[in-house]
Amino acid sequence: MVSTFPHASTVSLKNVRLEIRALQPQLVEWRRQIHQKPELGFQEKITAEFISQKLQNWGIEHQTGIAKTGIVAIIKGTKPGNGKVLAIRADMDALPIQEENEVTYCSQYDGVMHACGHDGHTAIALGTAYYLHQHRQDFRGTVKIIFQPAEEGPGGAEPMIAAGVLNNPDVDAIIGLHLWNNLPLGTVGVRAGALMAAVELFRCTIFGKGGHGAIPHQTVDSVVVAAQIVTALQTIVSRNVNPIDSAVVTVGELHAGTTVNVIADTARMGGTVRYFNPDLANFFKERIQQIIAGICQSHGAKYDLDYIHLYPPVINDAEIAALVRSVAEDVIETPIGIVPECQTMGGEDMSFFLEKVPGCYFFLGSANPEKKLDYPHHHPRFDFDETALPMGVEIFVRCTEKFFE
Ligand code: NI
């Protein structure tokens, strides 16, 4: 029999949505306030104070000064039942970029800008904290909201974990989102397994023997050695990595020499490595070192290699990804909806949390070309459609309620 009355749970879901959409003006206001005072990693003092003040006004228990500027808020559901713990993570740092947008809420600081949307992440996390605190009678379990510094580098996730944010009470699962201008507003990119790549960096100096440009036999030409290394490094992905695995080796820096008729004594190069498969964690460092050592040896050059494993790949847990996906399917009402094959070779230190506890990181589409809000992340004109803010809150809130069910 078809009822003419909506199902009870549909009514309550609609109420959740209406109530969260009503938060839109506040979400926009918070986001813009944070946007005007962008701060670089581990310097998020004004941002942290802003967050702490709001949490305090709302009566939400929280701890400040974790890993310098990080904050953890704790919201305990009052519905009787199991005591699971869900963490929601937001990053809050800006980038060393001069903003070129001409908007009323433009960055007030020279050379610093929220050009990645972390101002939006912070506003979404605040909105989520506010809503869940107001509705703590609707869920059982504990929510930890983690406001993390320095995602853009050198990385705030690791020191926050070291400071114990995943313990006491122990976190069972973690979720987080990135506003994403590579996807249109009204879409969510979510998948099980690898979502974002590992980030590794290397810097190498080649020591040859300089001399006259016309008398090469008396020298060890660091330019020739460096050129061979750059070319040979490209064979790692094409010849050594299983073609089923995706990977990138990019040499982004190469410096040598001072003038046209002098053979350069030293050459410096640097690059980045990206991959999804965690089994490759030590592979690239080893292979790069072998190639550099072999080529240098064959030319009589010496080298110095500095290799940094910055972030591991972002790997989503299948179960939590399915939960986020099912919620997002309800929240997102556009026909494009869910984009399951959304992956990027960009990196994120959310990966450190996901190495410790199962969880899901996902992309919330935020581009709107009609409003010219479709510049890429890290661009001086980056901005996003703020209509995405309540969508983010609704996904977090409903994931929370569903997780504790
Ligand atoms: Ni970002």
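Values quoted throughout were computed directly from the atomic coordinates according to the rules given, and no laboratory measurement underlies them. Values in this document were obtained by computation on a predicted structure and should not be read as measured data. Note that each Cβ is placed from the backbone with ideal geometry, even for glycine, and that neighbours are counted across all protein chains shown.
Structure data summary
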| quantity | calculated |
| --- | --- |
| Förster-model FRET efficiency, 22 Å R0, Gln137 and Gln26, C-beta, rounded to 0.05 | 0.50 |
| Between 0 and 90°, nearest 10: helix 24-36 axis offset from the chain longest Cα axis | 30 degrees |
| Binned Cα-Cα distance frequencies in the chain - 20 Å width, integer % | 25, 50, 21, 4, 0 |
| Sites Glu341 and Lys371 - FRET efficiency at Förster radius 30 Å, r taken between beta-carbons, to 0.05 | 0.70 |
| Difference of contour (0.36 nm per residue) and Cα-Cα distance, Ser298 to Gln98 | 67.5 nm |
| Distant alpha-carbon pairs in the stretch 60-115 (separation over 13 angstrom), percent | 73 percent |
| Derived scalar couplings ³J(HN,Hα) [the stretch 363-372; Karplus, 6.51 cos²θ - 1.76 cosθ + 1.60; whole Hz; x for Gly, Pro] | 9, 10, x, 9, 8, 9, x, 4, 9, 6 |
| Beta bridge orientation in the chain: antiparallel %, DSSP, nearest 5 | 70 percent |
| Kirkwood Rh, Cα atoms: Rg over Rh of the stretch 99-250 | 1.13 |
| Distance histogram in 10 Å bins (all Cα pairs of the stretch 277-331, percent per bin) | 18, 28, 20, 15, 12, 7, 1 |
| Per-q log10 I(q)/I(0), the stretch 1-140, q = 0.15, 0.20 Å⁻¹ (Debye; single scatterer per alpha-carbon; no solvent) | -0.81, -1.20 |
| The stretch 202-319, Cα convex hull volume normalised per residue, Å³ | 96 Å³ |
| Fully extended contour minus Cα-Cα distance, from Phe207 to Thr235, at 0.36 nm per residue | 7.8 nm |
| The stretch 323-385 - convex hull of the alpha-carbon atoms, volume per residue in Å³ | 117 Å³ |
| Of every Cα-Cα pair in the stretch 263-405, the percent that sits beyond 22 Å | 58 percent |
| P(r) tail fraction, the stretch 146-214 - alpha-carbon pairs more than 15 Å apart, % | 75 percent |
